[in-house]
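A.B. asks: Got a structure here, written out as structure tokens. Questions coming.
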Amino acid sequence: MEQGIYIFCGIQTNEEKTFDAIEFEGDTREVFTVHYKDAAMVAAEVPMKIYHPNKENLMLHQQVISQVMESEDTVVPISFGNVFHSKEDVQVLTENLYPQLSKLFPEIKNKIEVGLKVVGRKEWLEKQISQDSKVMDQKQQVAQKSKDAGYFDRMQLGEMAQRFFKSLQKEIEEDIHEPLLKLASSAKSNDPIGEKMLLNGSYLIDRDKEEQFDQKVNQLHDKWQDKVEFKYTGPWPAYNFINIKLKVEETT
């Protein structure tokens, strides 16, 4: 099968580098850099085909990026599945992206991303909503009516519950997200996933502030642990703070 060049991430370096070889499609494959000026793509030679984002492939992609992060302080993550025909194509791509990369490098140098998801505990959420007299009165009204007669009442109850939930999200944003924002170079409050999630935050932090940030997360966890669950992840490269879309056609 024709061989292509798969790219994992970009780094800032003038040196040709190699990283630990990977097991891919049943073969051991070298991981190397392809250069343009002080920008380099971390790549491997693989069969030229479409790769599906199954668990194994995604894990391998992330493992290579994590390994690069151990030795490099400026890592631009590249989305999964980008394969080019040749090293020359990757060089042309890097040249095309260089104006963006040269601006990005100083912004993300020595920085990592961490994520924090805050999910309300079921018992606490139920207790909170039971203390809202308007919601509970509406709930009782719905229960007393027939299915058809209560249609608009149920719709109104849903809207009230949604407003109530948004007020909880606002409280969490003020008490958890904003204090963390002060310790981050940049932060994003992403859309919550699922009906019990109150915060889905991403934070870009200096590596030398990682311990301080972790301590703050632990303090906030201790304060809120009876009410919510914390899902704290990272370190990652700056996925949520970089918007580079790659297409093979860009090299033509």
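The values are calculated or read from the model by the stated rules, or taken from the named source; none is laboratory data. Not measured: the values here are computed from a predicted model. With ideal geometry, Cβ positions are generated from the backbone for all residues, glycine too; neighbour counts draw on all protein chains shown. Each accessible area value is taken on the protein alone, full model and side chains, heavy atoms only, with ligands, DNA and RNA left out. Shrake-Rupley method; radii C 1.70, N 1.55, O 1.52, S 1.80 Å.
A.B. asks: Would you check which residues across the range 217-246 are open to solvent by 30 Å² or more (accessible area, probe 1.4 Å), over 20 Å from the mean Cα position of the chain (by Cα) and not polar (S, T, N, Q) and list them? So that I can check it myself, show each step before the final result.
C.D. replies: Taking the range 217-246 as the starting set, the residues that turn out to be open to solvent by 30 Å² or more (accessible area, probe 1.4 Å) are 218-219, 221-223, 225-227, 229-236, 239-241, 243, 245.
If we keep only those that are over 20 Å from the mean Cα position of the chain (by Cα) as well, we get 218-219, 221-223, 225-227.
Selection gives 221, 222, 223, 226, 227.
A.B. asks: If you don't mind, there's one more thing I want to ask. When the range 1-18 is examined, which residues are found to be in contact with a Phe, Trp or Tyr (Cβ under 8 Å, 6 or more places away or on another chain) and buried (at least 17 other Cβ atoms within 10 Å of the Cβ)? Outline the logic, then answer.
C.D. replies: Keep residues of the range 1-18 that are in contact with a Phe, Trp or Tyr (Cβ under 8 Å, 6 or more places away or on another chain), which gives 4-7, 12, 16-18.
Passing the criteria: 4, 5, 6, 7, 12.
A.B. asks: Pairs only if they're at least six apart or on different chains, beta carbon under 8 angstrom, first in the range 222-243 and closer than 18 Å to residue 191 by Cβ, second of a type in the set (S, T, N, Q) and surrounded by fewer than 18 Cβ atoms within 10 Å (Cβ to Cβ); list them, first residue then second.
C.D. replies: Final answer for the pair search is 240/190; 241/186.
A.B. asks: Check the range 26-48 and report whether any residue there is under 30 Å from residue 201 (Cβ atoms) and among the hydroxyl-bearing types (Ser, Thr, Tyr).
C.D. replies: The answer is no, given that none of the residues of the range 26-48 is under 30 Å from residue 201 (Cβ atoms) and among the hydroxyl-bearing types (Ser, Thr, Tyr).
A.B. asks: Pick out the one residue from 117, 55, 49 that is surrounded by 19 or more Cβ atoms within 10 Å (Cβ to Cβ) and charged (D, E, K, R). Outline the logic, then answer.
C.D. replies: Numbers: 55 fails: surrounded by 19 or more Cβ atoms within 10 Å (Cβ to Cβ); 49 fails: surrounded by 19 or more Cβ atoms within 10 Å (Cβ to Cβ).
Result: 117 is the single residue among 117, 55, 49 that is surrounded by 19 or more Cβ atoms within 10 Å (Cβ to Cβ) and charged (D, E, K, R).
A.B. asks: Name the residues in the range 23-55 that are in a loop (DSSP other than H, G, I, E, B) and more than 25 Å from the chain's Cα centre (by Cα), would you? Break it down into steps so the answer makes sense when it comes.
C.D. replies: Looking only at the range 23-55, we keep the residues that are in a loop (DSSP other than H, G, I, E, B), and these are 25-26, 37-38, 48-54.
If the condition is that a residue be in a loop (DSSP other than H, G, I, E, B) and more than 25 Å from the chain's Cα centre (by Cα), then 25, 26, 37, 38, 48, 49 are the ones that fit.
A.B. asks: Evaluate the range 164-185: report whether one residue or more is in contact (Cβ under 8 Å) with a residue 24 or more places away in the chain, closer than 22 Å to residue 62 by Cα, under 17 Å from the mean Cα position of the chain (by Cα) and open to solvent by 30 Å² or more (accessible area, probe 1.4 Å).
C.D. replies: no
A.B. asks: Quick one: in the range 28-42, of everything that is closer than 15 Å to residue 63 by Cβ and among the hydrophobic types (A, V, I, L, M, F, W, C), which residue is surrounded by the fewest Cβ atoms within 10 Å (Cβ to Cβ)?
C.D. replies: The extreme case among them is 31.
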